[in-house]
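Chemist: Take a look at this one; I'll ask things after.
The values are calculated or read from the model by the stated rules, or taken from the named source; none is laboratory data. Only a predicted model underlies this, so the values are computations on that prediction, with no experimental measurement involved. All Cβ positions, even for glycine, are placed from backbone atoms using ideal geometry, and neighbour counts span all protein chains on display.
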Amino acid sequence: MAKYSLENKLKMVSQYLYGIGSTTISKEFGVKGSSTILYWVKNYRKFGIDGLKISRNKQIYTVKDRVNILNWMKMTKSSYPETADHFNVKSPSSIWNWQRNFELYGISGLKDRRDRLNMAKRKAKNNQNPKDSNAEKLKKLEEENLMLKIENDFLKKLNALDDEENHKK
């Protein structure tokens, strides 16, 4: 069960829109931070009542989508919330996680967590059965090649942006 019901979220958002401050509302309803109220207000303004509902079917972003989003954020020097608004990503923290995973693990960190888990299972299975077919090996190499190309393109764009920034100084 959700910590805050849709009805309570609507009450808090309507109070805020009526003119009551987010800090006052958060204290009244026991919400930990007033930024949560502001987040709900932003989602309400952008998506209506659906912005306050807990989403059961998550939007899935491909590695390419994530690279494009991170690249746009870097190029425009936008914040996480601004980037989330621009690309209709419901939670700015998702973008923060993508950036952190990219910095830690490279392009493979941008793969969906479920894909990474499935890959680990496949690797374990493949280690048990050393007789991989040539088609499977080729498919793995093609996937790896694609990921390296995406990572290379992304890093080239980052270097170009850094060079451009340094040239301006």
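Chemist: Considering (1) surrounded by 15 or more Cβ atoms within 10 Å (Cβ to Cβ); (2) in a loop (DSSP other than H, G, I, E, B), say which one K58 fails and leave the rest.
Modeler: With respect to (1) surrounded by 15 or more Cβ atoms within 10 Å (Cβ to Cβ); (2) in a loop (DSSP other than H, G, I, E, B), K58 is out only on (1).
Chemist: Give all pairs with beta carbons closer than 6 Å in which a residue from the range 96-109 that is without any contact (Cβ under 8 Å) to a residue 60 or more places away in the chain meets a residue that is crowded, with 18+ Cβ neighbours inside 10 Å and of a type in the set (K, R); count only pairs at least 6 apart in sequence or on separate chains.
Modeler: Here the result reads W98/R66, each pair linking the range 96-109 to a residue that is crowded, with 18+ Cβ neighbours inside 10 Å and of a type in the set (K, R).
Chemist: Taking the stated definitions as given, is T83 assigned to a helix (DSSP H, G or I), among the hydroxyl-bearing types (S, T, Y), modelled with pLDDT of 85 or more and under 30 Å from R100 (Cβ atoms)?
Modeler: Answer is yes for this residue.
Chemist: Also: Against the condition basic (K, R), touching a residue at least 60 places away in the same chain (Cβ under 8 Å) and closer than 30 Å to E143 by Cα, how does K90 come out, does it pass?
Modeler: Working: basic (K, R): yes; touching a residue at least 60 places away in the same chain (Cβ under 8 Å): no; closer than 30 Å to E143 by Cα: yes.
It is false that K90 is basic (K, R), touching a residue at least 60 places away in the same chain (Cβ under 8 Å) and closer than 30 Å to E143 by Cα.
Chemist: Among K9, K46, which is touching an Asp or Glu at 6+ places or on another chain (Cβ under 8 Å), surrounded by 12 or more Cβ atoms within 10 Å (Cβ to Cβ) and closer than 22 Å to S93 by Cβ?
Modeler: Criteria check complete, one pass: K46.
Chemist: Something else: If you go through the range 102-109 one residue at a time, do you hit one that is closer than 25 Å to N145 by Cα, among the polar types (S, T, N, Q), surrounded by 15 or more Cβ atoms within 10 Å (Cβ to Cβ) and modelled with pLDDT under 90?
Modeler: yes
Chemist: Against the conditions (1) outside any helix (DSSP H, G or I); (2) within 27 Å of W98 (Cα to Cα); (3) without any contact (Cβ under 8 Å) to a residue 24 or more places away in the chain, where does I20 fall short? Just the number, please.
Modeler: (2)
Chemist: OK, next. Residue check: is N152 modelled with pLDDT under 80 and loosely packed, with under 14 Cβ neighbours inside 10 Å? Give the steps one after another, and end with the answer.
Modeler: Details: modelled with pLDDT under 80: no; loosely packed, with under 14 Cβ neighbours inside 10 Å: yes.
No, not satisfied.
Chemist: Also, I was wondering about something else. Look at K125 and say whether it is at pLDDT below 85, outside the structural domain of N43 (by TED's automatic domain parsing), among the charged types (D, E, K, R) and assigned to a helix (DSSP H, G or I).
Modeler: Judged against the criteria, K125 is a match.
Chemist: So, in the range 23-43, how many residues would count as being more than 16 Å from S94 (Cβ to Cβ) and either in contact with a Gly (Cβ under 7 Å, 6 or more places away or on another chain) or part of a helix (DSSP H, G or I) (or both)?
Modeler: Qualifying residue count for the region: 14.
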